[in-house]
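Reading through the structure tokens given below for one structure.
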């Protein structure tokens with residue numbers, strides 16, 4: 001009996017060895033260090049708008065999981081795999097190795113100096129920056145940095161085309177050399193004390209005010225990002241406009257790169273007060289795996305106050321205006337949700353655009369996490385805790401209620417004006433002689449221009465001073481699919 005048991009044990013061990021060996025030969029599995037690759041492929045295969053147009057994402061591309069795993073194990077760097085799976089015409093999808101930082105950014109939380117700037121090429125290879133706006137209670141405000149100030153040096157070094165990116169990024173502190181322009185000559189005025197980056201929460205509702213000019217009550221809103229955690233502040237701004245009985249609205253989106261589509265639906269509903277839940281604001285088209293058909297986005301009747309995870313906290317009365325037209329101020333930084341707002345309002349009211357040609361992003365993305373059980377949508381209990389990679393791929397195309405989506409090259413302004421052509425004359429935001437706002441006021445009131453002078457000889461604009469994947473985002477987080 002003992003002999004038979006020994007034979008049986010040897011038979012079982014031999015069988016297991018053969019079975020294991022066959023499995024190993026048939027399927028190499030995903031190397032432990034490449035588990036992110038399995039997440040990337042799975043999420044893109046499910047959600048990517050161009051899934052059927054990328055050979056290595058097609059379901060029929062790999063005859064077995066073994067073949068697919070062999071393909072995935074070729075990539076030691078997840079970024080290289082992601083880039084290999086991008087559709088050729090995709091300008092906006094990205095990958096991050098820190099979804100916590102990304103989620104904070106979408107909620108308006110960043111580590112920053114507290115001022116936004118643009119850059120232009122000056123004489124020869126020199127570069128100057130101009131301050132677009134300064135956040136209140138920020139490091140930049142503490143050194144009295146102001147909109148319109150020009151800076152040509154950082155931490156004692158002059159900015160040039162060769163070094164400006166190095167000087168501007170990955171710095172813990174700044175000391176800025178500030179100047180003004182007189183007769184097309186850059187004249188130094190001061191050097192700031194050192195100021196240090198720290199964590200800031202930016203309220204995208206930067207400025208709201210009512211201007212009374214020549215019998216018109218004009219609401220002005222400087223809005224810098226479609227952030228879902230600031231619905232109440234946005235609604236409060238429209239409460240001011242409503243209480244003051246404004247008859248005209250100027251919406252300043254010149255620095256607004258986009259954000260939450262859910263927030264865009266709320267803002268559109270505040271602007272076009274005649275809308276009901278039955279009125280279509282926009283439409284979404286997904287890939288075949290997620291319907292392959294158009295899904296409508298409707299105007300809203302109430303304000304949904306949501307937290308960072310898009311969980312509903314409370315409901316408020318929506319402050320709505322009764323206006324027939326809107327003036328929207330834009331630039332070459334206006335994108336995504338800003339452009340969707342323009343497109344979505346066009347069928348319902350007169351939309352006048354003032355500024356520069358917009359970016360042209362008619363596509364929506366979604367944050368995807370390594371949680372296959374929720375089809376990669378949720379950062380929940382099934383989330384893979386071994387890494388913090390996330391994807392922000394394009395998962396949809398967007399159109400308005402009339403199926404118009406042809407703005408991939410951006411919206412052309414009805415009246416063209418670029419503040420970079422007037423660097424020495426930049427005025428405070430909200431001032432009635434500020435370039436773009438004054439044009440809108442002229443259009444509303446029919447008054448003559450305020451004696452605007454001709455621009456000085458324009459200098460080339462550096463459109464993307466520091467490449468930021470969050471720069472032109474429009475995401476569907478919070479909208480059920």
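Quick notes on this one:
- Among the residues making up the range 292-315, a single one is surrounded by 15 or more Cβ atoms within 10 Å (Cβ to Cβ), more than 16 Å from residue 226 (Cβ to Cβ) and touching a helix residue (DSSP H, G or I) at 6+ places or on another chain (Cβ under 8 Å): 298.
- Being under 24 Å from residue 203 (Cβ atoms), in contact (Cβ under 8 Å) with a residue 60 or more places away in the chain, crowded, with 21+ Cβ neighbours inside 10 Å and not assigned by TED's automatic domain parsing to the domain that holds residue 331 is a property that holds for residue 114.
- For the range 380-405, the set of residues classified as within 24 Å of residue 311 (Cα to Cα) and surrounded by fewer than 21 Cβ atoms within 10 Å (Cβ to Cβ) consists of 380, 381, 382, 383, 384, 385, 388, listed by residue number.
- Residues of the range 335-355 classified as out of contact with any helix residue (DSSP H, G or I) (no Cβ under 8 Å at 6 or more places or on another chain), surrounded by 17 or more Cβ atoms within 10 Å (Cβ to Cβ) and at pLDDT 95 or above, total: 5
- Restricted to the range 57-140, the set of strands (runs of 3 or more DSSP E) holding at least 2 residues that are modelled with pLDDT of 90 or more comprises 94-96, 115-121, 127-134.
- Pick from the range 199-212, criterion assigned to a strand (DSSP E or B) and touching a helix residue (DSSP H, G or I) at 6+ places or on another chain (Cβ under 6 Å), ranking: nearest to residue 108 (Cα to Cα): 205
- Scanning the range 214-248 for residues that are over 19 Å from residue 265 (Cα atoms) and buried (at least 22 other Cβ atoms within 10 Å of the Cβ), we see that the one that is nearest to the chain's Cα centre (by Cα) is 220.
- Qualifying residue in the range 178-197 (condition: in the same structural domain as residue 144 (by TED's automatic domain parsing), in contact (Cβ under 8 Å) with a residue 40 or more places away in the chain, loosely packed, with under 13 Cβ neighbours inside 10 Å and under 30 Å from residue 448 (Cβ atoms)): yes
- Residue within the range 329-342 that is under 24 Å from the mean Cα position of the chain (by Cα) and closer than 30 Å to residue 35 by Cα present: no
- Qualifying residue in the range 250-267 (condition: within 24 Å of residue 310 (Cβ to Cβ), free of Cβ contacts under 8 Å to residues at least 40 places away in the same chain, in contact with a helix residue (DSSP H, G or I) (Cβ under 6 Å, 6 or more places away or on another chain) and in the same structural domain as residue 302 (by TED's automatic domain parsing)): no
- Single match in 364, 344, 381 (criterion: assigned to a loop (DSSP other than H, G, I, E, B) and either free of Cβ contacts under 8 Å to residues at least 60 places away in the same chain or assigned by TED's automatic domain parsing to the domain that holds residue 322 (or both)): 381
- Tally of residues being assigned to a loop (DSSP other than H, G, I, E, B) and in contact with a helix residue (DSSP H, G or I) (Cβ under 9 Å, 6 or more places away or on another chain) across the range 415-432: 8
- Set side by side, the residues 430, 410 differ, and just one is closer than 20 Å to residue 118 by Cβ, out of contact with any strand residue (DSSP E or B) (no Cβ under 8 Å at 6 or more places or on another chain) and modelled with pLDDT of 90 or more, which is 410.
The values are calculated or read from the model by the stated rules, or taken from the named source; none is laboratory data. Bear in mind that the values here come from a model prediction, so they are computed numbers and not experimental data. Backbone-built Cβ (ideal geometry, glycine too); neighbour counts: all protein chains shown.
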